[in-house]
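What follows is a set of notes on a single structure, which appears directly below.
The values are calculated or read from the model by the stated rules, or taken from the named source; none is laboratory data. Owing to the predicted nature of the structure, the values given are computational and were not obtained by experimental measurement. No Cβ is skipped: glycine too gets one built from the backbone with ideal geometry, and neighbour counts run over all protein chains shown. Note: areas computed on protein heavy atoms with side chains; ligands, DNA, RNA excluded. Shrake-Rupley method; radii C 1.70, N 1.55, O 1.52, S 1.80 Å.
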Amino acid sequence: RVDANDAGVLYLLACSYRDGTMGVTQDLNKAIELWEKAAELGCIGSHNYLAKLYHKGQIVERDEKKSKYHWEIAAMTGDEEARYNL
């Protein structure tokens, strides 16, 4: 399902790379890459998580512009957490 670009599966795989679980070695750069790809494919969870990372400067350099972008995308789908964070 990863090869089929399933956004939800990419999100979960990114979480596995973040944590070093499910048989993969921890790789934070790979996790970011997968969350970005999942977000491009419409995964709201990825948009929310990336927004938090960019807002807090965790794993990635702090970037309010990127944080706001990801929260806006999530908010447009009706995501309450994203709306609150905007």
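Data table
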{"item": "Rounded if a/c under 1.5, otherwise prolate or oblate - the chain, Cα gyration tensor axes", "result": "oblate"}
{"item": "Rounded accessible area per residue of the chain, 1.4 Å, Å²", "result": "62"}
{"item": "Cross-link partners of Lys68 among lysines (Cα-Cα below 16 Å; sequence separation of 8 or more within a chain)", "result": "Lys52, Lys56"}
{"item": "Estimated dipole of the chain in Debye, rounded to 20 [Cβ of Lys and Arg +1, of Asp and Glu -1, Cα centre]", "result": "180"}
{"item": "Selected from Gly20, Ile59, Ile44, residue furthest toward positive end of dipole (the chain; charges at beta carbon)", "result": "Ile59"}
{"item": "3J(HN,Hα) from dihedral phi, segment 12-29, Karplus parametrisation 6.51/-1.76/1.60, rounded to Hz, x for glycine, proline", "result": "5, 5, 4, 4, 5, 5, 4, 8, x, 10, 6, x, 10, 7, 4, 8, 5, 5"}
{"item": "Accessible area of the chain belonging to carbon and sulfur atoms, whole % at 1.4 Å probe", "result": "48"}
